Structures are given as C-alpha cells and as structure tokens.
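Structure first, commentary second.
Every read-out reported here was derived from the displayed coordinates using simple, explicitly stated rules and does not represent laboratory data. Everything numeric here is computed off the predicted structure, so don't read it as measured data. So basically every Cβ, Gly included, is an ideal-geometry build from the backbone, and we count neighbours across all protein chains shown.
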Amino acid sequence: MDYLTIIQILDSSVRLATPLLLTCLAGLFSERAGVVDIGLEGKLLAAAFLSSAAAAVTGSIWIGLLAGIAGSLAFSMIHGLASITFKGDQLISGVALNFLAAGLTVVVGQSWFQLGGRTPSLNGAERFSPWTLPFSEALAKIPVIGPAYDELISGHTALTYLALLSVPLSWWVLYRSRFGLRLRAVGENPSAVDTAGISVVRLRYAALVIAGVLCGLAGTYLASLAAGFVKDMSAGRGYIALAALIFAKWRPWYALWATLLFGLLEAIGNRYQSIALGDIVIPVQFMQALPYILTVIILAGFVGKAIPPRASGQSYVKER
Amino acid sequence: MSKMPKWADAVLIPLISILIAFFFSGVVIWAIGKDPFVAIKTMVQGAFGSTQGVGYTLYYATNFIFTGLAVAVAYHARLFNIGGEGQATLGGLGVTLVCLAVPWPHWALALPAAMIGGALFGAAWAFIPAWLQAKRGSHIVITTIMFNYIGAALLGYVLLNVLKVPGSMLTESARFPAGAHLPTFHEMLAPFGINFNKNAPANMSFLVAILASVAFYFLIWRTRLGYEIRAYGQSETAAKYAGINPARIVIIAMLISGALAGLMAINNVMGEAERLIDNAVEGAGFIGIAVALMGRNHPIGIFLASILFGFLYQGGAELAFWESIPRELVVVIQALVIMFTGALDNMVRVPLEKLFLAFSKKKEA
Amino acid sequence: EPAIIFDLGGKFDKSFNESSYNGAERWKAETGGTYRDVELQSDAQREQALRRFAENGFNPIVMAGFSFATALETVAADFPDTKFTIIDMVVDAPNVRSVVFNEHEGSYVVGVAAAYAAKGDTVSFVGGMDIPLISKFACGYAQGFKSVKPEGKVIVNMTGTTPAAWNDPVKGGELTRAQKAAGSEVVFAAAGGTGLGVLQTAADEGMLAIGVDSNQNYLQPGHVLTSMVKRVDNAVYDAFMQGEDLEPGIFVMGLANDGVGAAIDEYNEALITPEMKAAMDDATAKIISGEVVVHDYMTDETCPAY
Amino acid sequence: MSVQNEAGRQETVAPTASAPAIELRGISKAFGPVQANKDIAISVAKGSIHGIIGENGAGKSTLMSILYGFYKADSGQILINGKEVHITDSQAAIAAGIGMVFQHFKLVENFTVLENVILGAEDGGLLKPSLAKARKLLEQLSDEYELSVDPDALIEDLSVGHQQRVEILKALYRQADILILDEPTGVLTPAEADHLFRILEGLKEQGKTIILITHKLREIMEITDTVSVMRRGEMTATVKTAETSPEELAELMVGRKVLLRVDKKPATPGKPVVQIENLRVVDEQKVERVKGVSFEVREGEILGIAGVAGNGQTELLEVLGGYMSGTGKILINGQEIDLSGKHSNGQTRRARGISHVPEDRHDEGLILEFQAWENMVFGYHHAPEYQKNALLMDNAGIKAMTQKSMDKFDVRPPNPKLEAKSFSGGNQQKIVLAREIERNPDLLLVGQPTRGVDIGAIEFIHQQIVALRDQGKAILLVSVELDEILSLSDRIIVMFDGQIMGERRPAETNEGELGLLMAGITDEKTEEAGAQK
Ligand SMILES: Nc1ncnc2c1ncn2[C@@H]1O[C@H](COP(=O)(O)OP(=O)(O)OP(=O)(O)O)[C@@H](O)[C@H]1O
Ligand SMILES: Nc1ncnc2c1ncn2[C@@H]1O[C@H](COP(=O)(O)OP(=O)(O)OP(=O)(O)O)[C@@H](O)[C@H]1O
Ligand SMILES: [Mg+2]
Ligand SMILES: [Mg+2]
C-alpha cells in the first residue's frame, strides 16, 4: 500500500465520517441531557430530504441547509413533546420518528416532485463545493506533507470543517460553560437540577434543539454529497452514529476518533472488497461486514463497560 | 389506590390513541390529495373483508407476534434486543437447512424439526451479544445492531455461494420438499367445512405463535426462571442479594429472545415462501420492538398489537393496489400509531385520569 | 385493462422499474387506455398482487423483475385465461410470456466504448448487491473492455449486502472515488439509486460514467459516456399493445432486436469519438452475426474476463 | 407561636421580628387519590429550630417539598417573614431564602463538590469565574461552620456524612436563611450526627431558621425549640419541646402508647451457630474491607456489631449472605461453607438456614416494582413449598402465605397485591423482616433494621427480633445506631477499619466507650483514656 493510497483512504474516511460525527455529536448532546435518541436516523433522513428539496427548488444549498435544519428540528421537537413534555418512552418515540421519516420523505417527495420520492438532482450552487485551502496547489509538490495537505486536509466542503470545529466547540460548551454544566447535570440527576431551581424541561429541550441542528447539518451534508435525495439514503448511519457514541463514551473528542474509525473501516471496506490471501479469497460480504465485526470486537475488547449518563432514557417524573 | 379502572388503562387509552393516530393519518392522506374515508374503507375491507385479506393480516401478525415476544423477553430482563432482524434472518437459515436436509415425509415431523433449527440458529445469533454483555459489558444495543448487519452479510454469502440452485438466476435456496409444506388456513379449516381462501399465506405457524404466547405468559409470570428474569430486570443489586446470577440471566433471556425471533422463520420461510430468499425478514424484527413496547411486554398486548400491525401491512397493500397511494404511506401510518399509542399515551392518559378522579370524587361526595 | 407490478425498487428507480413504467406510459399516451399499477412492499405481496389483479379481471398482467418467477408459477396455473408477462425470467406456462434480455451483450458494447474513452487501461464497475444478474452486467462489460485492451484492468465493486445497497448514493460515490484513485477512468454503474451517486461523483471527479437500464445520459450531461439501455419499456409496451391476445412464449431481447444497446443522444454525442463509434458498431455487428459470442455469467457463474 | 430564644438573639432580629420566618396556611396536596397533606397550618419563629415528626407516610416530606417549591400545593398560602410568597418552583424558594437538604440527596454523583455547589447558582455563562468564586466562598463557609469538605472531590467518593455537608453548603452558598433538613441523621453515624447538630446550633446562632424532620425523638428533645406532629396528612399538634416528653410525642404520633425501650429477658446462649475465623474480604476495587475477623454467634443470642458505616460491616454481612467472596473460614452449625463464591450464592446460604435482612431495602431487600407477594418469596423462590409442580410456582399459595405474614407482621395496608414501592419505609421493612423471619432461620443477619423507620414500626421490629432470639436462634445485628445496638444486643463487638476493636456487654458499657472504639481507639488506649480520667 503506497503513501498516496493511504492518504486517499484517509480522505475518504473523513468524508464518510463527517455525517457520522455530526450525528454522533447530536446524540451526545441529547443523551448527555438524559434523552436517548434512536431517532437520529430519522432526523438525518428528514434533513437530507428537506435540504435537497429546498435546494432544488430555490437553487441554493444554503437555503437547503436552513430547510434541512428546520426539518430536523421539527423532528427533535416531536421527540421532545413525546419524551419530555408527555414523559413518554424515549425509545418508542425514536423508533416512531424513524418510521415517520422513512415514510413521509417519500410520500411528500412524490407529491411534490413526482419522482417517486426522489428529489431532482442538485447541481452547481445547489451543492456545497469543496474548499481548497490556501497554498494547497503550491504545497502539493512537497513530498509527504504536500499530498497530505492537498488531498486530505484541503478540498472538503464547508460542513466537514464545521463538523471538525464542532468537536472542540462541543467540548468547550460541555465542560467550560454554565450551560454545559447544567446539561450534564440534567442527564445525570435531573432532580438535582430541579431542586437547584433550573427547569429540567427547558434544558432538555435545549439539548434537543442542538441535536436537531447538528442532525440538520449532517443530513444536508449527505444530500449535498450525493447531489440529491433518494429514499432511505441515510442507510443506517444514524444507528452507526449511536454505536460510535457509546464507543466514544459520550465524550466529544472520543466521538471524533470513534467516527473517524468507523469512516476508516468503511473506506477500507470500499477499497478492498475481496482480498485473496494465498488460496483463500475473503468474500466481499466479509469485507463489507468488517466494520460491524470490528465494532463488536472493539466493544468486547477495549471499551469495557460504557456507562451512559445515569438518567438517560428516563423521563423526569416528580410525582406519579 | 389506582387512579383509573384497569379496563380504561388497558382498552380505552390505546383505543383513543389509535383513533388520534388514524386522524393524523387521514390528514396526511387528505394532504396528498386522496380521500381519507375511502382509504380507511379500502384498508379495513382489504384486511378483514375477505378470508384472503384476513389470511394475509394474520400471516403478517404471526411474524410480529414472534418478534414482539422476542423483544419482550429480553425487555423483562432490561435488555434491549434490537437484533430481532438478524436473529430472524439466521432462524430462516436454520429452518432452511433443516427443511432441505431431509426429504420430509410429513409436515408434522418437519415442523418440530424446523422449529428447533430456527430457534437454535436464532438463539445462537443472540448468544454472542449476550455473552459479550454478560462477561465483557459490551453494550447489547450496539452489538445486536451490528449483528443485524453481520447476519445480512452472512446470509448473502450463504445464499450466493452455498444454497443457491446452480444455474438459477435467483439468489434463493431450492424449494423445500413437499413434505415440509405447512398446512395453510385453507387446508386446516377445510375439514371443519369452513371455506378459507386457498391462497392466503396464513398457516399453521399462527397456532405456534399463539402457543408461544401462552408459553411466554407462563414462563414470565409463573416460573422461577421468569421470576428471576423480571427480578434481574428490575434491580441487579437485589438480584445478586437473592442469589440470582446476573450473567446467567442475561444469557438465558437473550437465548430465549433469539430463539423466539428465529422461530419466526417457520412462518415466513417455511410457511409462506417455502424456500429461503434474501431479506426474508423485511423489517419484522424492528416492528417487533414497536409491537412489544405497545403491547406493554405482555402476550395479550403483543397479540393485539401484532394484529394491528398486520392490519396496517395488509390494509396498506390494498391501499397501494386500489388507491394508487404510495406504499410508504403505510409506513407513515405505522409511525403515527407507534407514536400515539406508544410514546404519547400520557397525552391521553393524564386528562383521562383527571376525568376519572373527578368522577370518583363526585361519587363519593 | 392491463396491469403492471413493479418490483421492490419502486417505479421511479431511474432504471429498471422506471423503464417499464415509461413503456406503460407510452402505451397510455398513444392509445388513451388506462392501466393499473402497484409497487410492492414485501416479498409476500408478490403472489398477492398477482392474484388480486387476476381475480379482478386485469389482463394482461406484466411484472417487472425476476423475483416474481416463483409466485407466477402458481398463479398462472390458477388463472389459465389471464395472460402474464414476466421480465428477466423464464416461466414455462401456456399463458406466460417471458421476456429476457441479453444484458451481457449490451454491457459488452459499453465496455468497448469504455476502453476507447479511457486513456489508460483501467475502468471500473459499481454494482448494487452481489447477485448473479449484476455479475452478468459486470462480466459482459469486462469482456467488451478486454476485447480492446486485453491487458487492461476492470475493478468490480458491489455496494453492500442488504437491500439498502440499492439506495446508498453516498457509498456509491465513495466507491467511485476509490476506483478513480485506483486508476479507473470510466465507471459503469448497475446499482439502482446508488448509481445516481456514482454518476454524480464521476461528474465531480472528472471521470466518465455509464448509466444503466434507462437512458441516463441526461442526468450528468457531458459526463455520462453512454447508457446500457435495456428496453424493458418496449417489452411492457408490446405486452400492453397486444392486450388479451398476448402471445406467450420466450422472447429473448438482445442487440439483434434492439432489446439492449448503448444509448447515444444529444447529451453524449460529443463524447463518442468516431473511432469509438466504429468499434461499438463493429462489436454490435459481430455479436449479432454470432462472430463474437459474449459469455453469459449466469450460465455457469464464471467470467472469463476476470 | 412564642419565640423562646434567649435575649442575646434579639439584635439579629429585624424590626419585623414579630412575624414568623415561615407561616403556612391551609396547605393541601393530593397525589392522585392519596391526600398527602390536608389543610396544614404551621408557623416557625425566626432563629429557631423546629422539629417535625410523624409516622412513615404522614406527609412530612411532601409538606417540606411544597415549601421548597419541588411540589406545588393544590391550595394554601405560604408566608415568609410575614409576606406572602408564591413558590412556584425551587428557584422561587431559593429566592425567598429557603434551602433544603432532601432525605435522598440531590447531588450529581460524578460531579465535584464545587460543581454541585454552584449548579444553578453560577454567575455568568462561563464556569471558570464561578468556580473560582465558589472555591473562596466555600473555604470561608467551611471555616465558619465546621463544614470542611474537599472542593475537588467527586461526590461518589464521599461518605454520606460529607455528602450531606455538601447539601448544606449548597444551601448556604445560595444564602439561605431557612434551612429544611429531611431525616438528616438517618444515614449518619452518631459522631456525624453530633457534628451535624453542632453545625445546626451554629447556624441558629447566626439567626438562621431550621426545620428538622426526624424519626428520632432523642434528637427532637436535644436540639429543637418547638416540635410539630403530623398524622395521616394532618398537623395534629405543635408544642414547645421543653414542655413535652418523648413518651408524649410518641403517643401523639402513633395514636397509642409506645414502648420506647426494648423489653427483653436475659439471653441464654446455647451452642455456636456460626463460627468465623480470620475472615478477609477484598472488594471489586481490590481494597481489603475486612481484615482478618474472628468471632462466633450462639443460639439464643443477639450479637451486635457497632461501627461507623463503611468499616467492613456491610461486607461481612454480604459474605455471610453469600453474594460476596472472601477468604478464611466460616462454620455454620459446625460445617464449613464455601467462601470463594464459586459454589455458593444467596440461595445456597439460605438453604443452610441463614436469613438476611439487608441494609438497603430499596436496592437489595425488595424489588420495588414487584407486588408484596412476589417480594415475600424473594430469594426463596426455589423453595419446594412455593412450587406448584416441576415447572410452575404456586402463586396462589404464595399469596395466601403473604396474607398471613402481612397480618402477623402488621404490614399496612395488608394487601399482597400492592407493589412494594407503594408501602412506606417502615412497612417495607416489615415485609423484608417477615420474609426472613418466617423462614425460621438458624441464623438471622440483620443490617440497619430501622433506618428511616418510624417509632411505631421500630418498636414492632425490635419485638420481632427479640422473639426470634427467644426461640433459640442466633442473630447477628449490624447497626450504626448505638441506641439500637445497646438495647437489642446481648453482646457487642465494635468494628473499625475491617478489624474488631473489642467486645463488650451492653450492661457494662456506654455510648461514650463504644464511640471511642468506633473511632479506632483500641482497648488499651481506651483503658488508658479511662485511667487518665
Ligand atoms: N411523588 C409521590 N407520588 C405519589 N404519592 C406520593 C409521592 N410522594 C409521597 N406520596 C404519598 O404521599 C404520602 C405522604 O408521603 P411523604 O413522603 O410526605 O411521607 P413522610 O411523612 O415524609 O414519610 P417518611 O417518614 O416515610 O419519610 C404517602 O402516602 C406517600 O405514599
Ligand atoms: N414517586 C412515588 N410514587 C409513589 N409513592 C412514593 C413516591 N415517592 C415516594 N413515595 C412514597 O412516599 C413515602 C415516603 O417516601 P420516602 O421517599 O420518604 O421514603 P420512606 O418511606 O421514608 O422510606 P425510606 O426511608 O426507606 O426511603 C413512601 O411511602 C414511599 O413509598
Ligand atoms: Mg419522608
Ligand atoms: Mg423516610
């Protein structure tokens, strides 16, 4: 495997990790506040659809981005209504939202565009274009660092850089701001927050808003990358992000590494579909299942017991 | 002490919730320019209006009963088994291997053997996540999700490279021998002079599902093992105090769960397709989660929820046949039903409780 | 009144099902007739849909996709007076017309085109799932390519192992990028919705793509070298036209009867060099004449080209 | 309501001094069908310590939670310093100068002390300045009130006593003038409790008003100025502490005469039931919790183990109970039992005739979501008499048995189908005791039998334990309540840091001596200390 191949695989990992990272951080905020969100998949899909639809209609991916975020937020708010306001089961609500997104995107899409739930393809300003960082042309010639800078670091879309930026930002918000302190507290012991005179409901909704925005970014990224929406295009990425979240033990920096690892595994699986080791040919099915198999192995071997925020998954009930 | 009579809690609330869900479904149908009333009529008629419709409804319901029970067993031990999909997939493989291994002379022999095959394979697929949870603390939600993907890949490989009939264009196994054919409702009811549609796929497995539900009830609420499962599910520290081995319970509960999911294959693989096809489970594993949660992890609830989802599946198909409404509309309706009956039931319960409380106070006064 | 049943991909999959849909629509536009259609949700519905349509007197009933074979076998026997058409599969019954396509022939021709379009000696293929039908496309493509560049390399990738593989354009894009990195200049996509991501990425990355089933040249003008069209629309159109008097039997649609072929239109004219065009025509002629026999992967599940 | 403080306090009281610090009028609160508080009126003078007592479930905690804005009253008025305030949430209560220490602490376990203290009372959006400021203030406060805790320690690493200090610090940090404490001493050792009372006295000196809920009449007599009694949601009496007696209060609470002393005959010990030799226990964190302990318990005697919580008593019970492993030797009725945990668990121990009332009824003794009858066989669910046949349990039989036990142990309400969580603490404890005692064990292990239990129930529980002893059974009692140890035990051993510090007979010792032993001051040193006196 030569150096350039490695760089290219890493480059692909970054692209594949970006939506996972954003979604994973969305889950992080929500679960840190005590709201389990298996509806990430649905939010991702809803955002991808609305951003793609809006971009196609208006011709601007930025308007698409707003629409994507709005859609994802709407889903977040339904989740909040069910699991915070009405103290319903968070898992059920999440499952329902995933179904809702899978169904509505197609039903509505068909009704709007008559393309069987697809949106028109996105071109030009309807997509994010890659940012070429300064000097990347010039530096490209320098051995080792040059290609790394040109191929790997430069040339991603704005959302990738935003996703990377949101890691330290999330960390800072969680651990250095008042809001973060309260957010973490409400996921650990909501009654402590309540008796300290802070509204549990408001905090949890705030967390869901953040999660909604992040999922909106992730969904828009997907739509832009694929240049349009096709049904079920989130393809399980919301679930993988949840796996990454547990793997990351609900911490922002770990989330970055975890999602990059998943991206890397997928990139490798894409590139080496069947490998012949002597006489034995490893089948493509195995290579494609490899990220999942490795996840299990890693969970079994390295992570040990991942302890979620103590109050996550439970609605906060003062009196029954 | 209870705030509401039991019947209100068990019947009235779900009923109102379903009505609300249907109302919103109607709004969606109306929004895409169709007539909601025609739609509901088509669905009800399609699902219950003929023995054919009923046959399909019950066929789907059978799948959901199995996966719903599977999710529920694990849930009683506070384990969230999202792996029903993969376990049912592997169950299908087990059933297929059994059915193809022997030229079965009669279904009465083939069925028990296939049940063992399906249950074993399903349980085996649940075992690894269970073991990892019990011994290594690996999060079972994640490992079971991963095992769904791995199971799909494994099945793809096996179908393509092992079970595929050489020369066939189809990635599916050979047809099962005639002796492995399970009686359909048509065949089962004919001796009683009842004429049931000959082509509806509902079959013997429906009875097995009902038996499994009864067995589930006894297991969970009447046996020591069920008692231990529930105790562990409520409190691990208390379970240890009582001398219940947590690792043992985790593994056993998941094995039973996987076996139930695997058993589903006698319905879809052995009873309906009579051969193994790719993606035969078609999301029933996920529907099982909704069914279990809606059915409050009780077999009667699971049975009713399964019928409801069977109705949605079959009624939705009819909707697609006759009203040219996109098939995804059914998914929307499912989502709304899950949402309102499962997650938003307090929206109905709280005002209703107040109503009952006010009513009972008035009576006292 | 005729009816058509689309396979799980849905009638707007931009390829196979959509092609059949277009055939039905063409018939409708030309004759002013009406027809009934349905998209399936699950496998159990195949037989159900067939039966429901047959019971309600629809005739003929067309089904798009090889997966209907098993269901059709039983239903055709139960409704001897109804005529059926199955595409991509042979079902032997007196009231069934089976239409199969020589996809390997068409793929061969686009493989030739790819060989001429590529400056180097590497091209690639993105399939949906690893199933025999998709391998048939890949194998024909590789044979055509190697007929021009015998030492060349064809990278073959499949998207996934679950049905989600047909709807993952992002992954399709990544596969395309990986193939480009490995030297591929032309990518042939036979992957349903995933293929849209392949075409898009090829355009983004300055590669050429080859569409499948329907004419997809217009999707990325200037970046789609050609499309391996499979005239499912004609098969549907013919079946609808013949109506209740549908002639049963096996119909093989190949290059010879325009059943498959490489699409050239205003969107890709500029990409087709005269030399390339000549080679494609030559290959077509030789296949029709039998001078060149393209190996069909499905006959023995091996491919001589890789 | 008369202010009965000495004149010295006069100057700290503002001109509106005549107005009580707290006045509640007509407070009512229902949880669904349960009327937890009925038309309650109470007034508490500034700078006083006011006690509230009542049976389990009388509504004490509910009333205080309303005052703190945690629950909202259905009706009624709250006046602070004579002015009506609308306490809609805890923020409003804090603003009105009220602080509360809940019975179950409201702390974030994996936060530091400092973070817990500032939570909800931060200044500005950034944490750093808040933390710095809090650190300073905390130092000041801890000096002022003897409230020292490490500001950077995680809550989960602190002892309960220290956690409680954090709760008090939280209130003081928010400048509370009124401090409510709900059963603060339930989980404290006597020394910690004494310390707490010193703090409370100090706060009172500073003019703060304190409301104290407790089940311990001794504490009421010791520290309060006035005391209110609650019964079944109603406020039945308010009296000056100086003018009442424990007996009178007990009668007011329970509605009948209560025996506050344990009435028991002298023990007649028989042969040893359990013999322990050089027992050592290492916990999951690889810390040695029991360091070579040897003793025996005989038929017909109660051996009390005194000690500050966390000195190895819990682990000792858990090894005996079979769900923790250890090394050394334990003989039950002369037969050695397996300590490795490989061949034993709670059930094999039970089969050996060992019953165990665990320290924590919520987390161990009961499954709160299970109905009473299900809890009544918890741990014994494999016993042959509870089986209907090879497969099924005899649920009907168990229910009938439960009904009998509930009647016998006076569990209220005596309804086997009620979930355990809907019983009050005292009644929950009776269920556990009924289960363990009715098995007629050779050895009964009892941990903290009366924690959080009202005096009526305590009386009953003590009677049952003594009755079992009188049947010739061996009883090993672990309690942090020296009162309880002294009055119940026939023999007392004191544990400190995993070791036995000494053995005493109740008649020949006193709380002072035991307290020294519990602090790790050995026999010799104690004797020296005695000699010096
Ligand atoms: N959150 C709640 N939901 C429903 N009922 C409650 C709740 N909290 C208390 N109750 C009920 O209200 C009544 C009063 O309870 P409360 O906690 O105030 O009693 P208490 O006097 O503090 O008892 P204890 O001495 O055991 O602490 C009890 O019957 C209890 O069951
Ligand atoms: N959320 C609730 N729902 C129903 N009952 C409750 C609830 N919270 C508390 N209770 C009941 O309120 C009463 C008092 O509760 P509290 O938390 O003070 O426990 P307790 O009785 O003092 O027991 P313990 O001292 O063991 O904690 C108990 O009867 C308890 O069962
Ligand atoms: Mg209380
Ligand atoms: Mg209490």
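Which FRET efficiency, nearest 0.05, do B:Val162 and A:Ile298 yield, Cβ-Cβ r, R0 30 Å? It comes to 0.55. Quick check: the distance between the Cα centres of region D:138-163 and region D:303-357, to the nearest angstrom? Here the two parts' Cα centres lie 34 Å apart.
Pick out, from A:Asn98, A:Phe75, B:Ala239, the residue whose Cα sits farthest towards the positive end of the charge dipole of the protein assembly as shown, with +1 on the Cβ of Lys and Arg and -1 on the Cβ of Asp and Glu. Working it through, the farthest residue towards the positive pole turns out to be B:Ala239. Across B:Ile82, B:Ile287, B:Ile210, mean-square fluctuation computed from a Gaussian network of chain B (C-alpha pairs under 10 Å connected) peaks at B:Ile210.
Can you give the relative contact order of chain B as a percent, counting alpha carbon pairs under 8 Å and 6+ residues apart? Don't skip to the end; give the middle numbers.
Details: 633 pairs, mean separation 125.4, N = 365.
Relative contact order here is 34 percent.
Model label points for D:Ala519 and A:Tyr272, set 7 angstrom from Cα along the Cα-to-Cβ axis, are 6.8 nm apart.
If you take every DSSP beta bridge whose two residues both sit in the protein assembly as shown, what share of them, in percent to the nearest 5, is antiparallel?
Working: 56 of 130 bridges.
Approximately 45 percent, going by the DSSP bridge assignments.
For D:Lys128 and A:Ala306, the FRET efficiency from 1/(1 + (r/R0)^6), where r spans their Cβ atoms and R0 equals 45 Å, is about 0.95. With a cut-off of 15 Å on the backbone N, the residues of region C:146-161 near the modelled label site 7 Å out from A:Thr5 along Cα-Cβ are C:155-156. Proximity of backbone amide H atoms, modeled 1.01 Å from N, is registered between C:Ala189 and C:Val126, C:Ile210 at under 5 Å, excluding neighbours fewer than 5 places apart on the same chain. Given Cα pairs under 8 Å that are at least 6 residues apart, what percent is the relative contact order of chain A? Rounded, it is 35 percent for chain A. Between D:Met221 and C:Ala285, the simple spin-label model (points 7 angstrom out along Cα→Cβ) gives 12.1 nm.
Excluding A:Ala17 itself, calculate the net charge of residues whose Cβ lies under 13 Å from the Cβ of A:Ala17, where each Lys or Arg counts +1 and each Asp or Glu counts -1. Walk me through the numbers on the way to the answer.
Details: positive: A:Arg15, A:Arg237; negative: A:Asp11, A:Glu266, C:Glu174.
Combined, the nearby Lys, Arg, Asp and Glu give -1.
The overall shape of chain D, judged from the alpha-carbon gyration tensor, is prolate: a/c is not under 1.5, and a/b is greater than b/c.
Please state the relative contact order of region D:421-509 as a whole percent: Cα pairs under 8 Å, 6+ residues apart? The partial results should precede the final answer.
Values: 82 pairs, mean separation 20.8, N = 89.
Taking the mean separation of contacting Cα pairs over the length of region D:421-509, I get 23 percent.
Could you tally the net charge around C:Gly152, taking each other residue with its Cβ under 13 Å from the Cβ of C:Gly152, Lys/Arg +1 and Asp/Glu -1? Kindly include the intermediate steps, with their values, before the conclusion.
Details: positive: C:Lys119, C:Lys146, C:Lys149, C:Lys153; negative: C:Asp121, C:Glu151, C:Glu185.
Overall, the nearby charge balance is +1.
The 3J(HN,Hα) values that the Karplus relation (6.51, -1.76, 1.60; θ = phi - 60°) gives for region C:121-129 are, in residue order, 10, 10, 9, 8, 9, 10, x, x, 10 Hz. Gly and Pro appear as x.
Can you tell me how the protein assembly as shown classifies by the Cα gyration tensor, rounded, prolate or oblate, using a/c under 1.5 as the rounded cut?
Details: a/c = 2.23, a/b = 1.91, b/c = 1.17.
Prolate shape, in that a/c is at least 1.5 and a/b is the bigger ratio.
For C:Lys153, nonlocal amide neighbours, meaning residues 5 or more places apart or on other chains whose placed amide H falls under 5 Å from its own, are C:Thr122, C:Val123.
Please check: in the Gaussian network model of chain C (C-alpha springs, under 10 Å), which one of C:Ser135, C:Ser289, C:Ser67 has the largest mean-square fluctuation. It is C:Ser289. Remark: A:Cys215, A:Cys24 ranked as A:Cys24, A:Cys215, counting other beta-carbon atoms within 10 Å and listing the fewest first.
Comparing C:Val62, C:Phe12, C:Gly173 along the charge dipole axis of chain C, the residue lying farthest to the positive side is C:Gly173, per the Cβ-charge model. Starting from the Cα of D:Ser148, step 7 Å toward the Cβ, then list every residue of region D:197-225 with an amide N under 20 Å from that point. Once the point is set 7 Å along Cα→Cβ of D:Ser148, D:197-203 turn out to lie under 20 Å by backbone N, inside region D:197-225. Enter the Cα centre distance for the pair region D:424-440 and region B:304-365, rounded to the nearest angstrom. So the separation of the two Cα centres works out to 43 Å. The alpha carbon centroids of region A:48-77 and region A:208-273 are separated by 18 Å. The calculated FRET efficiency for the pair D:Thr327 and D:Leu391, based on their C-beta separation and a Förster distance of 45 Å, comes to about 0.70.
Once you list every other residue whose beta carbon is under 14 Å from the beta carbon of A:Ser121, what net charge do they have if Lys and Arg are +1 and Asp and Glu are -1?
So the environment of A:Ser121 carries a net charge of +1.
For chain D, the longest principal axis of the C-alpha atoms and the axis of helix D:523-532 are separated by about 50°.
When +1 charges are put on Lys and Arg Cβ atoms and -1 charges on Asp and Glu Cβ atoms, the dipole computed for region A:3-299 relative to its Cα centre reaches about 680 debye.
To check you understand DSSP bridge types, tell me what percent of the beta bridges within chain D (both residues inside) are antiparallel, rounded to 5.
55 percent
Taking amide H as placed 1.01 Å from N in the peptide plane, D:Leu126 has its amide H under 5 Å from the amide H of A:Arg178, each at least 5 places away in sequence or on another chain.
The ranking of B:Met264, B:Met204 by Cβ neighbour count inside 10 Å, starting from the fewest, reads B:Met204, B:Met264.
What ranking of B:Phe340, D:Phe197 emerges when the number of other C-beta atoms within 10 Å of each C-beta is taken as an exposure proxy, fewest first?
On the way: B:Phe340 26, D:Phe197 17.
Exposure proxy ranking, most exposed first: D:Phe197, B:Phe340.
Across the options B:Ala180, B:Trp107, B:Val73, the greatest Cα extent toward the positive end of the charge dipole of region B:59-287 (unit charges at beta carbon of Lys, Arg, Asp, Glu) belongs to B:Val73.
In the structure displayed, which of B:Lys164/C:Lys171; C:Lys11/C:Lys171; D:Lys257/D:Lys417; D:Lys404/D:Lys430; D:Lys83/D:Lys170; D:Lys170/D:Lys208 lie more than 19 Å apart, Cα to Cα? Let's see the in-between values first.
Values: B:Lys164/C:Lys171 27 Å; C:Lys11/C:Lys171 22 Å; D:Lys257/D:Lys417 31 Å; D:Lys404/D:Lys430 13 Å; D:Lys83/D:Lys170 25 Å; D:Lys170/D:Lys208 15 Å.
Cα-Cα > 19 Å for B:Lys164/C:Lys171; C:Lys11/C:Lys171; D:Lys257/D:Lys417; D:Lys83/D:Lys170; rest within.
In a reduced charge model with +1 at each Lys and Arg Cβ and -1 at each Asp and Glu Cβ, the protein assembly as shown shows a dipole moment near 2700 debye about its Cα centre. Among the cysteines of the protein assembly as shown, those with no neighbouring cysteine Cβ under 4.7 Å are A:Cys24, A:Cys215, B:Cys99.
This model, with +1 at the C-beta of Lys and Arg and -1 at the C-beta of Asp and Glu, gives chain D a dipole about its Cα centre of some 1360 debye. With the cut-off at 1.5 for a/c, could you classify region B:59-287 from its C-alpha gyration tensor as rounded, prolate or oblate? Oblate, since a/c reaches 1.5 and b/c is not below a/b. 3J(HN,Hα) along region D:390-407: 4, 9, 9, 7, 8, 4, 5, x, 5, 4, 5, 4, 4, 4, 4, 4, 5, 5 Hz, from the Karplus curve 6.51 cos²θ - 1.76 cosθ + 1.60 with θ = phi - 60°, whole Hz, x for Gly and Pro. Which residues does the label zone of B:Lys198 cover in region C:37-57, counting backbone N under 19 Å from a point 7 Å along Cα→Cβ? Answer for this model: C:47-57. Available extension along the chain between D:Ala351 and D:Val239 is 35.2 nm, counting 0.36 nm per residue and deducting the alpha carbon span.
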